[in-house]
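Engineer: Sharing a structure with you now.
The values are calculated or read from the model by the stated rules, or taken from the named source; none is laboratory data. What you are looking at is a predicted structure, and each value in this text was computed from that prediction instead of being measured. So basically every Cβ, Gly included, is an ideal-geometry build from the backbone, and we count neighbours across all protein chains shown.
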Amino acid sequence: MYTEKGEGEMVRTSLDNQNLPLEMQLIVSLMKNEKQLVLSLCTKVDWDQFLLAVKHHRIFPQIYHAINEQRVADKMPAYIFTKIKKDYEQNIYRMLHLTAEMHTLYLQFQQASLPLLFLKGPILAKELYGDLSLRTCADIDLLVPIERIEQAEQLMLLQGYEKDEYIESVLDDWKWRHHHFTYFHKQHRTKVEVHWRLHPAPSTEPHFTELWERRRESQWSSQISFPYLGEKDLFYFLSTHGARHGWSRLRWLFDIHQILLQGSFVNDKDWSHHLTQYKYDKIAGQALLLSVKLFNSNVKSTCMDKRASIKLARGASFYFHQLVSLHDHHVPKEIAHYHAQYLRSLFTLKQKFIHYLQWFYPLSEDYQAFPLPKKWFPLYYVIKPFLWLNRKRQILQNARKKTC
């Protein structure tokens, strides 16, 4: 069962699949084609919880195919298989729609001579799985040079997209505190994230020009191809993205498994340089360890032996024991606390220093509480601690009023 756990019970130190909830064990066994174990687990699981987990982890295409290939549909309630099949079929239409929209946007950016790289979405379905139906995605993610972000915004608006104005900035901190703007098309019901960074600060990541030089082309026809990340850069992006979200969606980890099935770059000297240059060796080790443990990925790397990588992998196992949705507006307090600690464990020493230094940088709420003319904005560095203490005092006062 997937239930919330008390703060003292949250840390999971074992990477043994047998310690996972039964529903998670069944999911992994289906994806690994372990039919005998699947048959055994089918008599034990809570099927409603299984369905929730399949939807949460966004892996119903793999589960649908696995059920058919292993011929185990008759071992589960009919409504469970029917629901998974329906989600699988709806995803096909969704992916076709996103592919068409991706092509339209790419043509517009090409006409404007604005370079872009597609990060996820249909590109990964084709290049990692070889089948558009075998991966889910909810939006289109693309990356452009930061110096041309305003031009990208104009192109999005011309295509009928509306910008989600959720980012409030002081002293242009949006450039490093955030990493993408979000756009919605009401008629097409499509969401597009336009990135100028792969991750928010304090990440150490390649510049757009480096990514562009190492790009690959995803060939969809004799006339249509889309630029996307090079092999090592794609692994960097997916491993750091998955780690930052605690691998709380199994789909992200299965992407890593698919990359490892295709590439032999893990033992390249160039990859060792890549790990060192972008400071993600322990995160790479975490991704490899989890992929090996859950999906039996055939890979070995020295970064997997690092104590920090093993610790990170064990820390991420927490997210496999419950359905954690980090994008919810109200994340349970104990989960938010654990995730904050987990995120800090991903940082290098330099990144930790930058992370804590950011606390002194003025926020929009500081400006709202104590407006200053723009030329006096540097004073926020001095008065910010007092503004923070005042906000804490107000929160405590409001809490006391509610309890009275």
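Engineer: Of everything in region 266-313 that's basic (Lys, Arg) and touching a Lys or Arg at 6+ places or on another chain (Cβ under 7 Å), which residue is surrounded by the fewest Cβ atoms within 10 Å (Cβ to Cβ)?
Structural biologist: Selected residue: Lys306.
Engineer: A further question on this structure: Of everything in region 97-154 that's of a type in the set (D, E, K, R) and more than 18 Å from His179 (Cβ to Cβ), which residue is surrounded by the most Cβ atoms within 10 Å (Cβ to Cβ)?
Structural biologist: Residue satisfying both the conditions and the ranking: Arg135.
Engineer: Which numbered condition in (1) at pLDDT 90 or above; (2) within 30 Å of Ser272 (Cα to Cα); (3) in contact with a helix residue (DSSP H, G or I) (Cβ under 9 Å, 6 or more places away or on another chain) is the only one that Ala340 fails?
Structural biologist: Unmet for Ala340, out of (1) at pLDDT 90 or above; (2) within 30 Å of Ser272 (Cα to Cα); (3) in contact with a helix residue (DSSP H, G or I) (Cβ under 9 Å, 6 or more places away or on another chain): (3).
Engineer: Looking at region 314-330, which of the residues that are small (Gly, Ala, Ser) and buried (at least 20 other Cβ atoms within 10 Å of the Cβ) is farthest from Arg344 (Cα to Cα)?
Structural biologist: Selected residue: Ser317.
Engineer: So, one more: Only residues that are surrounded by fewer than 17 Cβ atoms within 10 Å (Cβ to Cβ) and assigned to a helix (DSSP H, G or I): list them for region 201-211, please.
Structural biologist: Thr209, Glu210
Engineer: Does any residue of region 230-237 turn out to be in a loop (DSSP other than H, G, I, E, B), of a type outside the set (Asp, Glu), without any contact (Cβ under 8 Å) to a residue 24 or more places away in the chain and at positive phi?
Structural biologist: No, region 230-237 contains no residue that is in a loop (DSSP other than H, G, I, E, B), of a type outside the set (Asp, Glu), without any contact (Cβ under 8 Å) to a residue 24 or more places away in the chain and at positive phi.
Engineer: Same structure again: Looking at His178, His103 in this structure, which one is farther than 30 Å from Val38 by Cα, touching a residue at least 24 places away in the same chain (Cβ under 8 Å) and not polar (S, T, N, Q)?
Structural biologist: His103
Engineer: Among (1) of a type in the set (S, T, N, Q); (2) buried (at least 17 other Cβ atoms within 10 Å of the Cβ); (3) over 15 Å from the mean Cα position of the chain (by Cα), there is one condition Ser222 misses while meeting the rest; what is its number?
Structural biologist: For Ser222, the failing item is (2).
Engineer: Same structure, new question: Is it true that Phe377 is surrounded by 12 or more Cβ atoms within 10 Å (Cβ to Cβ), of a type outside the set (S, T, N, Q) and out of contact with any Pro (no Cβ under 7 Å at 6 or more places or on another chain)?
Structural biologist: No: the conditions fail for Phe377.
Engineer: Return the only residue of Leu171, Leu198 being within 26 Å of Tyr356 (Cα to Cα), modelled with pLDDT of 90 or more, aliphatic (A, V, I, L, M) and part of a loop (DSSP other than H, G, I, E, B).
Structural biologist: Leu198
Engineer: Here are some conditions: (1) closer than 30 Å to Glu150 by Cβ; (2) among the aromatic types (Phe, Trp, Tyr); (3) at pLDDT below 95. Tyr2 meets all but one. Which one does it not meet?
Structural biologist: Going through (1) closer than 30 Å to Glu150 by Cβ; (2) among the aromatic types (Phe, Trp, Tyr); (3) at pLDDT below 95 one by one, Tyr2 breaks only (1).
Engineer: Can you tell me which residues in region 212-223 are touching a strand residue (DSSP E or B) at 6+ places or on another chain (Cβ under 9 Å) and not in a helix (DSSP H, G or I)?
Structural biologist: Of everything in region 212-223, those that are touching a strand residue (DSSP E or B) at 6+ places or on another chain (Cβ under 9 Å) and not in a helix (DSSP H, G or I) turn out to be Arg215, Arg216, Glu217, Ser218, Gln219, Trp220.
Engineer: Another one. So which residues in region 241-251 are closer than 17 Å to Val292 by Cα and in a helix (DSSP H, G or I)?
Structural biologist: Those that are closer than 17 Å to Val292 by Cα and in a helix (DSSP H, G or I): Gly242, Ala243, Leu250, Arg251.
Engineer: Additional query: So which pairs qualify, if the first residue must be in region 66-94 and closer than 20 Å to Ser40 by Cα, the second must be in a helix (DSSP H, G or I) and not hydrophobic (A, V, I, L, M, F, W, C), the Cβ gap must be under 6 Å, and the two must be at least 6 apart or on different chains?
Structural biologist: Gln70/Lys35
Engineer: Given the structure, is Ser364 within 24 Å of Asp281 (Cβ to Cβ) and either touching an Asp or Glu at 6+ places or on another chain (Cβ under 6 Å) or in contact (Cβ under 8 Å) with a residue 24 or more places away in the chain (or both)?
Structural biologist: The answer is no for Ser364.
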